[in-house]
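The next block holds one structure in the form of structure tokens; read it before the comments.
Derivation of every value follows stated rules applied to the coordinates shown; laboratory data play no part. This structure is a prediction, so every number in the text was calculated from the model and none was measured. Because the Cβ atoms are built from the backbone with ideal geometry, glycine has one as well, and the counts that use them run over all protein chains shown.
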Protein chains: 4
Amino acid sequence: MRMTGTRVAVAGASGYAGGELLRLLLAHPEVEIGALTANSNAGERLGALQPHLLPLADRILEPTTVEVLSGHDVVFLALPHGTSAALAEQLPEQMVIVDCGADFRLKDAEAWTTFYGTEHAGSWPYGLPELPDHRAALQGATRIAVPGCYPTVSSLILAPAVAAGLIEPDVVVVAASGTSGAGKALKANLLGSEVMGNTSAYGVGGVHRHTPEITQNLSALAGEPVTVSFTPMLVPMSRGILATGTATLKPGVTADQVQQAYAAAFADEQFVHVLPQGQWPQTKSVVGSNAVHLQVAVDEAANKLVAVGAVDNLTKGTAGAAVQCMNLALGFPEQTGLSTIGLAP
Amino acid sequence: MRMTGTRVAVAGASGYAGGELLRLLLAHPEVEIGALTANSNAGERLGALQPHLLPLADRILEPTTVEVLSGHDVVFLALPHGTSAALAEQLPEQMVIVDCGADFRLKDAEAWTTFYGTEHAGSWPYGLPELPDHRAALQGATRIAVPGCYPTVSSLILAPAVAAGLIEPDVVVVAASGTSGAGKALKANLLGSEVMGNTSAYGVGGVHRHTPEITQNLSALAGEPVTVSFTPMLVPMSRGILATGTATLKPGVTADQVQQAYAAAFADEQFVHVLPQGQWPQTKSVVGSNAVHLQVAVDEAANKLVAVGAVDNLTKGTAGAAVQCMNLALGFPEQTGLSTIGLAP
Amino acid sequence: MRMTGTRVAVAGASGYAGGELLRLLLAHPEVEIGALTANSNAGERLGALQPHLLPLADRILEPTTVEVLSGHDVVFLALPHGTSAALAEQLPEQMVIVDCGADFRLKDAEAWTTFYGTEHAGSWPYGLPELPDHRAALQGATRIAVPGCYPTVSSLILAPAVAAGLIEPDVVVVAASGTSGAGKALKANLLGSEVMGNTSAYGVGGVHRHTPEITQNLSALAGEPVTVSFTPMLVPMSRGILATGTATLKPGVTADQVQQAYAAAFADEQFVHVLPQGQWPQTKSVVGSNAVHLQVAVDEAANKLVAVGAVDNLTKGTAGAAVQCMNLALGFPEQTGLSTIGLAP
Amino acid sequence: MRMTGTRVAVAGASGYAGGELLRLLLAHPEVEIGALTANSNAGERLGALQPHLLPLADRILEPTTVEVLSGHDVVFLALPHGTSAALAEQLPEQMVIVDCGADFRLKDAEAWTTFYGTEHAGSWPYGLPELPDHRAALQGATRIAVPGCYPTVSSLILAPAVAAGLIEPDVVVVAASGTSGAGKALKANLLGSEVMGNTSAYGVGGVHRHTPEITQNLSALAGEPVTVSFTPMLVPMSRGILATGTATLKPGVTADQVQQAYAAAFADEQFVHVLPQGQWPQTKSVVGSNAVHLQVAVDEAANKLVAVGAVDNLTKGTAGAAVQCMNLALGFPEQTGLSTIGLAP
């Protein structure tokens, strides 16, 4: 099924995820950009808030209401966590809703409540098609939950090892993120003067909200509970996540097995690229692109597998994944409007 | 014993470690700065190479020879790895030599050869006085090996847990470093255009040369071999390391025990500061200072201890430690010429 | 005339301009990417040097020779200054050659020799179609000189005022550039450790090689010699130039006249955008795009016109302009393969 | 007169200027740090807001009231513009008040009202002792207005040329500043995600509040009105200003005269350093220091003098100048507690 003139709306168009959605949708040959909505910024010119989106500079932001969003084929929600659910249930059933927020990512209601503090709204098909058995549920779907930025890359770097049973079900993920992952919220610790020249830890000790999502992904792959220790860092760049995953090798596992498992896992994937041996991922190679760069090594002395992945948190980590999921939902070729070319230097 | 007018020389004064030594020595009340030497830059004005060291701008760099260095009370060696040993053995025995390079850090000749590829030159007292039982060996010493930047912070963040037997002897260290740790070498991947907006992994899989040093430190504390998985990242800032250490808690260990062990371990240390609970280290707080900021958490769901530390790789990670060690060697108060105040924002 | 399957080669594919050319050409619907050449990097995988160009990762760089480049419809030269001329004269006459270097930019042989120190090779049509009377010479051209990055934005911000006779022929241009403008050369002052957290001046006092090019452009517009004082700065970012141009208003010139002259000058241009009043350019809005953002103000107290423009030095400042010029040369719509959407944040 | 145990208070201790004052005062041998005050942050631990000031981490911020500030020998005001005046008039006359805000910088009431919109509070001795005839008024003063950061460096780079009558009284100042100059205010355009990788213009066209201050300084030196066109840029670094000043040379002025004027002007100054010919200022050389680095060139083709200066906006541009002024006020040696050594790389 190939549609033209698919009308899409973006709710939350003044934020970083919303801006990235629009950057990608402007280059998408099958869509027509409809309503752009915001909350406190409703009524403003988009050009005043997102001056890089020149073709949309004169668009006026509308309020985020059911009325404004109705009448589109697709609505992307780029809203604060906890606000998508109420809105989504008022929108037409046949409309494709792609939620960039967390509301529908977790299957476990208790995990939701523990980490988000509110009642669980349910779960939608999870928009990481490169995980085994995930793509089919997205094809033709009308409700899709886009993964969190950290879980996207953290799950992908460990998925082949977990799925192939190469590592013990107890992993350590330490990941460095650019600041756009924290959004446009006005917080003192996100000021440029604080961020530049600075690396900080936050959400340490299993309290970051992306922890249960990584756990959910890896445990499903393993068929048993996987313990995840997740530690994020904030590093001085706007975009990009570099994630490292470390786990103890199961007895007898060789480096060759590891290499083969990773090569095989993503051989048919357009967006996930295992680098040639000896080359390690860097975030700049994937900035602005929907690609994930991966590499894996075996540390024999420590008996560990160490995998590293790079992703643009706003593109494959959020808005690119959202567009990829829309493509699957509507039957467009999966890569439509998406690039594997980064912006460097 | 308190001496005045201690004459110090710096070999390798045109590099980053050498420059930082001079920045600190200029503020040290007990020393007189003697010869400054370099290799390819010999003959140049220091002001052309280190314009921030205004009081020394008109000094001319001399060649790094025994003749030039002799006649000083203290010589700091800030030379490429593998070059200190040959020079050191020609210098007078009573001279205090503080080596910022790796040559004399490792006790294990085999580990040296595995990681550095040359014959082991021996080992000197290890200049990390905040590790248990290390300070005494530095007092009055005439030969001191300054620790590597990553091992300094990686060892300190895990030392209390290892020493108190709170964690299994199998740790994962992932650390993010600013680019000055790689020195002033002209490499394409260190160009500003490559580094800015970019985080990359390197030396993954146990191959980084600082791995055996961390292993040596933690194993000595544990009284048994500790397995160390070490993964470094390069992040877009000039100075600073943020290190994370993750390990499985031993059965029955409580969060209280962990907090107490960390508080007790550094209660008498001037340069190592455990932050109040809930506050996490950031590198900018320690830039230009000799302080280390630490925090630790217990992740009950994952049964892990996670410790985080921040250090300036050039100050406490190299040159500040060198000055601190000189103070111990010569009997000056340990904090002389050193600060615990960072430069922020 | 519309051609498909135009075969293009890029000479200098391992550098920043070459990499940006390839990034853009990969998205150009009318071209097929042929030979990629380099000098010292010939024989290497492109993926090792430009890992962001994933679709070309397995291409091998060939040496930059006439043999390798022949047989293409278009050759882009992204070579060091002074090396294009010798190569160009050996290539077929009917081949379209787009030179990103300086060799053929200046019409004045004496200015060339003064600033570049070698004999003048001649001048080619100057690839800044947005300057009055420049587009026609590029349509169907087979030899094109792409402007320098600073001259592109410096000329555009002052062109309307000069062409309309609103300012005295004596202008001050001060511009801040990201480091990629200096290329991938291994120089100590371009290391990340030096560049981050640092702004520096260079080429001050009329000695920067882009000075005569700005002078040439503005003088041609004025119909009389325009005096140009040009001062560049290096700022801590990879991409982008922000240029300011200041000049004394001619007697009686009003702010309204100024606004109208700027609005009119670029009303039909797709890539040059005068921002709404009160909004000032920033480089990030144009990163990765072929757009130029402009704004102008009248300072009545100082009797000055102040114009500001932002450009990506690698895109509209080099490789984007080169593609735009190829489009004009071959009769493709001028915007083919080019975007006005920047990558932000 | 030499005092020990001078008790100093800092009003506005939670901001950037306040933090820098404390960083410097901690290293000042003659002072004892008394009350630290804030407005909305009163009641908080300083360590939560300024974690780099380790020795003061447990200090509690008090409200900014006359009662809290009374009983100190010196009070530094690091408050928003327009708030110092009301507070100052309630403090004891014999107390030394050093105001880092703008309230008392301008002599011209009309200029004040034009740029700040409120009634003029008066003017105090202007704390830039390196300007001719300014030092004497600061010695023993009890009220001092610390200059703005841009005016400090912009005035110093042009002062020798203006004072010696070498240039026409019509200057163009374009300056790039790090973000800390904008303070800790929570504004979207100051977020790290916006600032990193970005250079922007603001306050263009003579509307920046530092314009009348530069005009005041240069006009006083010239003995006639000097026209100042001032254009600031925001560049992606936390600290530092690089300022360029361009002006037409008066007839017959030679490069030699210019060099001599600059050398002579600052020959006896400890903090203002004219670099050797051929070396240009960079901000990183002065970060954290009270030094100003200068250079000047003559552009014969354009008949212009171009001067460039680098300063740390928080140190010599604000807090360092404030301490220097306190030293003059109290009769301490002028450099007490201040450094000319920058923190690099």
For chain C, what's the relative contact order in percent, using C-alpha pairs closer than 8 Å and at least 6 residues apart?
18
Placed amide H near B:T227: partners under 5 Å, 5+ positions off or other chain
B:D170, B:V171
Correct semi-axes for the protein assembly as shown, from √(5λ) of the alpha-carbon gyration tensor and rounded to whole Å with the largest first, are 43, 43, 32
The stretch C:72-220 - Debye-derived log10 I(q)/I(0), Cα point model, q = 0.10, 0.12, 0.21, 0.22 Å⁻¹
-0.40, -0.58, -1.41, -1.47
Hey, what do the phi angles of the stretch C:255-261 turn into as Karplus ³J(HN,Hα) couplings, whole Hz, using 6.51/-1.76/1.60 and θ = phi - 60°, x for Gly and Pro?
4, 4, 4, 5, 4, 5, 4
If amide H atoms are modeled at 1.01 Å from N in the peptide plane, then the residues at a separation of 5 or more from D:A9, or on another chain, having amide H under 5 Å from its own are D:G34, D:V74, D:V75, D:F76
Given H placed 1.01 Å from N in the peptide plane, which residues other than close sequence neighbours of D:V274 have an amide H under 5 Å from its amide H?
D:L294
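Mind checking the alpha-carbon convex hull of the stretch A:168-234 and giving the volume per residue in Å³?
Values: hull volume 5.9 nm³, N = 67.
Per residue, the Cα convex hull of the stretch A:168-234 comes to 88 Å³.
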I'd like the trypsin sites (Lys or Arg not before Pro) in the stretch B:1-76 restricted to DSSP loop residues with at most 14 other Cβ atoms within 10 Å, sorted by number.
B:R2
With everything on Cα atoms, drop me the angle between helix D:16-25 and the longest principal axis of chain D, reported from 0 to 90° to the nearest 10.
80
Whole-percent tail of the Cα-Cα distance distribution for the stretch A:196-293, cut at 18 Å, equals 63
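What is the average number of partner chain Cβ atoms found within 10 Å of a Cβ in D:267-273?
On the way: counts 0, 0, 0, 1, 1, 0, 4.
Other-chain Cβ atoms within 10 Å of each residue's Cβ, averaged: 1.
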Inter-copy distances for C:A263, label 7 Å out on the Cα-Cβ vector, sorted ascending, nm, one decimal, are 5.5, 6.3, 6.9
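Taking neighbour Cβ counts within 10 Å as the exposure measure, how do A:I33, C:I241, C:I144 sort from fewest upward?
On the way: A:I33 20, C:I241 30, C:I144 25.
So the ranking, lowest neighbour count to highest, is A:I33, C:I144, C:I241.
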Looking only at other chains, what is the average number of their beta-carbon atoms within 10 angstrom of each beta-carbon in C:31-43?
0
Net charge within 15 Å of D:V308 by Cβ-Cβ distance, Lys/Arg positive one each and Asp/Glu negative one each, not counting D:V308 itself?
+1
Viscosity 1.567 mPa s, temperature 4 °C: what is the translational diffusion coefficient of the stretch D:164-207 from Stokes-Einstein with a Kirkwood Rh over Cα pairs, rounded to a whole number of µm²/s?
98
Using Stokes-Einstein with the Kirkwood hydrodynamic radius over Cα pairs, what translational diffusion coefficient do you get for the stretch D:263-340 at 4 °C and a viscosity of 1.567 mPa s, in µm²/s rounded to a whole number?
96
Expected sort for D:C325, A:C100 with the fewest Cβ neighbours (10 Å cutoff) up front is D:C325, A:C100
Based solely on its DSSP helices, what 222 nm [θ] is calculated for chain D when runs of n ≥ 4 H residues each add -39,500 (n - 2.57) and the sum is averaged over all residues, nearest 500 deg cm²/dmol?
-7000 deg cm²/dmol
Identify all lysines with a Cα-Cα distance to C:K250 below 25 Å; exclude those on the same chain that are fewer than 8 residues away in sequence.
C:K304, D:K250, D:K304
Could you pull the Cα extents of the stretch A:150-313 along its three principal axes, largest to smallest, in whole Å?
49, 30, 29
Residue-ordered couplings for the stretch B:39-54, obtained by feeding phi - 60° into the Karplus form 6.51 cos²θ - 1.76 cosθ + 1.60 and rounding to whole Hz (Gly and Pro as x), are 9, 5, 8, 4, x, 8, 5, 4, x, 6, 9, 10, x, 7, 9, 3
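Based only on the alpha carbon positions, what is the Kirkwood hydrodynamic radius of the stretch C:1-72, in angstrom?
Values: mean 1/r = 0.0819 Å⁻¹.
Kirkwood radius, the stretch C:1-72: 12.2 Å.
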Sorted from largest down, what three extents in whole angstroms do the Cα atoms of chain D have along their principal axes?
61, 49, 40
Translational diffusion coefficient, Stokes-Einstein: compute it for the stretch C:1-154 using the Kirkwood radius over C-alpha pairs as Rh, at 10 °C and 1.306 mPa s, and state it as an integer in µm² s⁻¹.
98
³J(HN,Hα) across the stretch D:266-277 via Karplus (A = 6.51, B = -1.76, C = 1.60, θ = phi - 60°), whole Hz, x for Gly/Pro?
10, 4, 9, 8, 7, 9, 10, 10, 7, 5, x, 4
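Arranged from highest to lowest average of other beta-carbon atoms within 10 Å per residue, in what order do the peptides D:296-307, C:178-189 appear? Let's see the in-between values first.
Numbers: D:296-307: 22.4, C:178-189: 19.1.
Peptide ranking by packing, descending: D:296-307, C:178-189.
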Shielding of D:295-302 by partners, i.e. mean partner chain Cβ atoms within 10 Å per residue?
6
Give the shape of the stretch C:125-175 as rounded, prolate or oblate, defined through the alpha-carbon gyration tensor: a ≥ b ≥ c are the square roots of its eigenvalues, a/c under 1.5 means rounded, and otherwise the shape is prolate if a/b is larger than b/c and oblate if not.
oblate
Straight-distance crosslink candidates among aspartates and glutamates, where the alpha carbon sits under 13 Å from B:K284 and sequence neighbours closer than 8 are dropped
A:E194, B:D312
Packing-ranked peptide list from D:268-276, B:85-93, highest mean Cβ count within 10 angstrom first, is D:268-276, B:85-93
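Quick one, can you get me the convex hull of the C-alpha atoms of the stretch B:90-156 expressed as volume per residue in Å³? Numbers along the way, then the final one.
On the way: hull volume 6.0 nm³, N = 67.
Once divided by residue count, the hull of the stretch B:90-156 is 90 Å³.
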Let me know the volume per residue of the alpha-carbon convex hull for the stretch B:78-124, in Å³.
67
